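Reading through the structure tokens given below for one structure.
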Amino acid sequence: MRILYLTGRENPFYNVLRNEVEGVCATHFFASDSSMAKVVRRIVTKVPGTSVRPFFNNWIHAIDQYDVVVIGGTIYSRFIAEALIVRGFRDRLVHWFWNPVAPADRIHLLKRQGVPIYTFDPSDAVRFDLHLETTYYFSSLRAKGADSEPENDVYFVGGDKGRLSQLLSVRQSFTRLGLRCTFHITDTGHHRPATAFQFSRPIPYSDVIGAIHRTRCLLDYVQQGQSGLTQRPMEALFHRKKLITNDRRISEHDFYRQENIFILGQDDPAGLPAFVAAPFQDIDPMIVARYDFANWVHRIANTVRQTTLPPVLPPAS
């Protein structure tokens, strides 16, 4: 089975990893994401009877070769699918939302296409009557990295997203407990306190992986209203790192172990230093494998083509 995975350009490194899976071709929706191209595309989507097809990347010339086409959820998903439905590919398509559904996604219009829609977010699945699927990660990243001696206790990387004051408060409380912290917070243009704060510059994901290998714990601080798993729990699971999170629903997941996951606002803060110092406890490899991209993409493809592919186990730790 051949699977085409279409994405924006939010993390090109992920497409490199997706393309390591046999049968998968991961590429960008559009040939260009220049400012001019974005403006013209926006105009095209507002004009009835027009199509975004002229903006497609080279994948469109080989579309006949693919059994399943996964369209990453963006404001362009509906228009990309429309261009393919006109060509008779409706039964090969599936929409995948790896972020919470936003008003701009016009989900009610997307549902009219008759194409399966999957989301990582349990709340969105219920609210919009969508299919629920796990988030995923890449077992190959674990194989490529070697843990260094931890030089850090807690590592956070992520955008402000309106949570700067909470993140700074958490960092201060960790520091008071004697924990060594590195917080890499980038500017997302959200309203923030009047106090001056020096944001970090965005860094390549390969640098993030290096920082993960040099720390004991990862901090996951979810935004209000989000119920789907972020990448932090996946990074902790695959890289065998402890996790500190404010997501109280994380205990409902199959990989949860109290020895590995500390829940802010629920677990005793006084026990945090001991939690950080204790070793990571092993998780059943079959549980880890469920979140591996190779198995995830085959599950999605199976629902479209009604075939069954064997699971892929992650490499031994």
_Long-range HN-HN contacts of Gly159 with modeled amide H, under 5 Å_ = Thr186
*Could you give the size of the charge dipole of the chain about its Cα centre, using +1 on the Cβ of each K and R and -1 on the Cβ of each D and E, expressed in debye and rounded to the nearest 20?*
1020
*How much mean residue ellipticity at 222 nm does the chain get from its helices, if each DSSP H run of length 4 or more adds -39500 (n - 2.57) and you divide by all residues, to the nearest 500 deg cm²/dmol?*
-9000 deg cm²/dmol
*So if R0 is 41 Å, what FRET efficiency would Asp67 and Val126 give, r being the distance between their Cβ atoms, rounded to the nearest 0.05?*
0.85
_Lysine pairs meeting the criterion (Cα under 27 Å, 8 or more apart or interchain), as found in the chain_ = 8
*Rounded to the nearest 5, what is the percent of antiparallel bridges among the DSSP beta bridges in the chain?*
5
*So what's the gap between the Cα centers of region 240-285 and region 164-230, to the nearest angstrom?*
18
_Heavy-atom accessible area per residue - the chain, 1.4 Å, Å²_ = 49
*At a probe size of 1.4 Å, how large is the accessible area of Phe79, to the nearest 10 Å²?*
40
*Could you order Met234, Met286, Met36, Met1 so the one with the most accessible surface comes first? Probe is 1.4 Å.*
Met36, Met286, Met1, Met234
*Out of these labelled values of Rg and Dmax of the Cα atoms in Å, (1) 17.9, 50; (2) 20.7, 62; (3) 20.7, 68, which was calculated from the coordinates shown here?*
(2)
_I need the shape label for region 1-127. Rule: rounded when a/c is under 1.5, else prolate if a/b > b/c, else oblate, with a, b, c from the alpha carbon gyration tensor._
rounded
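The values are calculated or read from the model by the stated rules, or taken from the named source; none is laboratory data. In this text, all values refer to a predicted model and were calculated from it rather than measured experimentally. Cβ sites come from the backbone with ideal geometry, for glycine too, and all protein chains shown count toward neighbours. Side chains are part of the model used for accessible areas, which takes the heavy atoms of the whole protein and leaves out ligands, DNA and RNA. Shrake-Rupley method; radii C 1.70, N 1.55, O 1.52, S 1.80 Å.
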